[in-house]
């Protein structure tokens, strides 16, 4: 059973579409303060941070252990209509959306 989050942001739902370091760092900080963070990762490959730089014996990056904590993950293909629909539904249920794509990129996909 998962423990209830405590902190000033408990009860806040965050949808994180951030990539690499800046977006995931923001989501991690919000998670530290109790927000429920749902991390969207690319289907089949996961977030780039999972394999970035030094990895442990399981092939997982130490960066991922730091910036992937306090989050729930879901893999979605944003290039397909089904994936875009999943993101739309999650966004409607969320209080905060984090994204750090190139300008205009998110709107062209979702």
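Of all the numbered requirements in (1) farther than 16 Å from residue 9 by Cα; (2) part of a helix (DSSP H, G or I); (3) touching a residue at least 40 places away in the same chain (Cβ under 8 Å), residue 26 misses one, and that requirement is (1). Regarding residue 53, is this residue surrounded by fewer than 17 Cβ atoms within 10 Å (Cβ to Cβ) and out of contact with any strand residue (DSSP E or B) (no Cβ under 9 Å at 6 or more places or on another chain)? When the stated conditions are applied, residue 53 does not pass them. Sub-8 Å Cβ pairs linking a first residue in region 61-72 that is farther than 13 Å from residue 46 by Cβ to a second residue that is assigned to a helix (DSSP H, G or I), at least 6 apart or interchain, are 66/28; 69/28; 69/31; 70/28; 70/31; 70/32, ordered by first then second residue.
Of 45, 36, 41, which residue is within 25 Å of residue 89 (Cα to Cα) and free of Cβ contacts under 8 Å to residues at least 24 places away in the same chain? Quick ask: steps written out before the conclusion?
On the way: 36 fails: free of Cβ contacts under 8 Å to residues at least 24 places away in the same chain; 41 fails: free of Cβ contacts under 8 Å to residues at least 24 places away in the same chain.
From the options 45, 36, 41, the qualifying one is 45.
Every test in (1) under 16 Å from residue 100 (Cβ atoms); (2) surrounded by fewer than 14 Cβ atoms within 10 Å (Cβ to Cβ); (3) modelled with pLDDT of 95 or more is passed by residue 28 save one, and that test is (2).
Residue check: is residue 39 more than 14 Å from the chain's Cα centre (by Cα) and either surrounded by fewer than 15 Cβ atoms within 10 Å (Cβ to Cβ) or closer than 20 Å to residue 12 by Cβ (or both)? Taking the combined requirement at face value, the residue does not satisfy it. Could you tell me which residue of region 35-50 is farthest from residue 78 (Cα to Cα), considering only residues that are touching a strand residue (DSSP E or B) at 6+ places or on another chain (Cβ under 6 Å) and assigned to a strand (DSSP E or B)? It comes out as 36.
The values are calculated or read from the model by the stated rules, or taken from the named source; none is laboratory data. This one's a predicted model, so the numbers in the text were calculated from it and none came from an experiment. Neighbour counts are summed over all protein chains in view; Cβ atoms, including those assigned to glycine, are modelled from backbone coordinates with ideal geometry.
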